[in-house]
Amino acid sequence: AKAEGRNTLRFFEKGMDEPLQARQALKMELRRGLIQGEFELVYQPLMDLHENKVAAFEALLRWRHPGRGLISPAEFIPIAEDTGLIVPMGEWVLHEACREAAKWPGPVGVAVNLSPVQFRKQGLVDTVAAALAASGLAPHRLELEITESVLLQNSDANLAELHALRAVGVRIAMDDFGTGYSSLGYLRSFPFDKIKIDRSFVSDLPDDPQSTAIIRAVMALGRNLGITTLAEGVESARQLAALRTEGCDMVQGYFFGEPMAAGDVEQMLQQSPRI
Ligand code: C2E
Ligand code: CA
Ligand code: CA
Ligand code: CA
């Protein structure tokens with residue numbers, strides 16, 4: 001019985017240790033990968049439904065791991081956030097995205113995702129300004145995407161940070177709109193340029209009356225507040241048609257293009273595709 005107890009205990013300890021060890025290992029791997037330049041950005045088009053063409057690209061992070069292949073951000077961003085590595089990683093993303101976008105024709109913009117952890121660290125405004133200066137990208141062509149968790153935590157300081165970013169001339173979008181606790185309150189506390197409606201509200205269009213009602217209400221909200229509306233995760237012509245009917249300003253999703261390598265962006269822009 002004693003031996004069994006010990007085995008049970010050992011099993012338990014092993015079960016507790018393993019995820020921690022795996023996390024620890026991944027953290028070391030992340031740091032190594034960042035130093036060795038294994039991260040890259042892919043870009044997904046954001047389509048303007050009034051002009052019927054590409055307006056911008058969202059930069060999305062990928063890790064090209066030597067042994068494990070391409071790793072999605074859902075796997076490593078949480079660990080990068082826990083360990084603080086998201087700060088140098090995010091700085092690299094800003095510089096890289098601005099450098100790339102500066103090669104694109106004039107009006108085409110770039111959207112960059114910011115982690116709430118980047119707000120807690122001093123110097124975000126300086127980092128953004130430095131990325132713009134180094135690349136020569138006009139500030140209004142950079143859009144920063146934040147989730148409402150930025151305003152949830154440490155809200156006064158983060159709100160001040162958002163205003164300081166706005167003063168640099170960049171645009172601010174609220175990402176994943178509708179998925180959090182009180183998106184509406186945040187629209188009152190900060191004048192966002194754009195709301196990105198989460199794809200969970202788009203996936204059941206046009207057949208689900210609840211989704212249609214929510215989309216309709218969000219479109220009215222955007223119109224009345226003077227905020228650009230963008231629907232994420234558009235995968236079909238029927239979803240697109242429904243969003244047009246409801247007056248959505250912009251769309252993004254596999255229907256228009258999956259995230260692509262930087263070289264493919266330049267090619268796409270040369271062809272200047274219309275919707
Ligand atoms: P997100 O900001 O909501 O980005 C949109 C995600 O939806 C992307 O996943 C994109 O590939 C995916 N997507 C686009 N169109 C469709 C569609 O039609 N259908 C479906 N099912 N999915 C679509 P991805 O690239 O795996 O990124 C996941 C998340 O990781 C992002 O969600 C964002 O929160 C985070 N992330 C990505 N890059 C960065 C980064 O540079 N910094 C930070 N802090 N977070 C990042
Ligand atoms: Ca985003
Ligand atoms: Ca999103
Ligand atoms: Ca998301």
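Worth a mention:
- Top-ranked residue of the stretch 135-148 - restricted to ones that are of a type outside the set (D, E, K, R) and in a loop (DSSP other than H, G, I, E, B), ranked as nearest to Lys196 (Cα to Cα): Thr147
- Count of the stretch 172-218 residues which are away from ligand 2 (no atom under 16 Å from the Cβ) and of a type outside the set (Phe, Trp, Tyr): 23
- Checking each residue in the stretch 182-204 for being within 16 Å of ligand 1 (Cβ to nearest atom), among the aromatic types (Phe, Trp, Tyr) and part of a helix (DSSP H, G or I) picks out only Phe201.
- Selection within the stretch 53-85: residues that are in a loop (DSSP other than H, G, I, E, B) and loosely packed, with under 15 Cβ neighbours inside 10 Å. The member of this set that is nearest to ligand 3 (Cβ to nearest atom) is Ser72.
- Test result for Glu161, in contact with a helix residue (DSSP H, G or I) (Cβ under 6 Å, 6 or more places away or on another chain) and either assigned to a loop (DSSP other than H, G, I, E, B) or not β-branched (Val, Ile, Thr) (or both): yes
- Positions within the stretch 205-229 being within 13 Å of Asp249 (Cα to Cα) and part of a loop (DSSP other than H, G, I, E, B), in sequence order: Gly226, Ile227
- Ala111 closer than 17 Å to Arg62 by Cβ and either away from ligand 3 (no atom under 16 Å from the Cβ) or modelled with pLDDT under 95 (or both): no
- Qualifying residues in the stretch 144-181 (those that are of a type in the set (Asp, Glu) and more than 12 Å from ligand 1 (Cβ to nearest atom)) - the one surrounded by the fewest Cβ atoms within 10 Å (Cβ to Cβ): Asp156
- Residue in the stretch 116-136 that is touching a residue at least 12 places away in the same chain (Cβ under 8 Å), crowded, with 18+ Cβ neighbours inside 10 Å, farther than 25 Å from Ile77 by Cβ and not β-branched (Val, Ile, Thr) present: no
Results for (1) within 16 Å of ligand 4 (Cβ to nearest atom); (2) charged (D, E, K, R); (3) part of a strand (DSSP E or B), shown as yes or no for each residue.
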{"position": "Val87", "(1), (2), (3)": "no, no, no"}
{"position": "Gly106", "(1), (2), (3)": "no, no, no"}
{"position": "Ala133", "(1), (2), (3)": "no, no, no"}
{"position": "Val150", "(1), (2), (3)": "yes, no, no"}
{"position": "Arg166", "(1), (2), (3)": "no, yes, no"}
{"position": "Ala173", "(1), (2), (3)": "yes, no, yes"}
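- Taking the criterion of being among the aliphatic types (A, V, I, L, M), in contact with a Gly (Cβ under 9 Å, 6 or more places away or on another chain) and part of a helix (DSSP H, G or I), the only residue of the stretch 91-104 that qualifies is Ala101.
The values are calculated or read from the model by the stated rules, or taken from the named source; none is laboratory data. Values in this document were obtained by computation on a predicted structure and should not be read as measured data. Quick reminder, even Gly has a Cβ in these numbers, built from the backbone with ideal geometry, and neighbours come from all protein chains shown.
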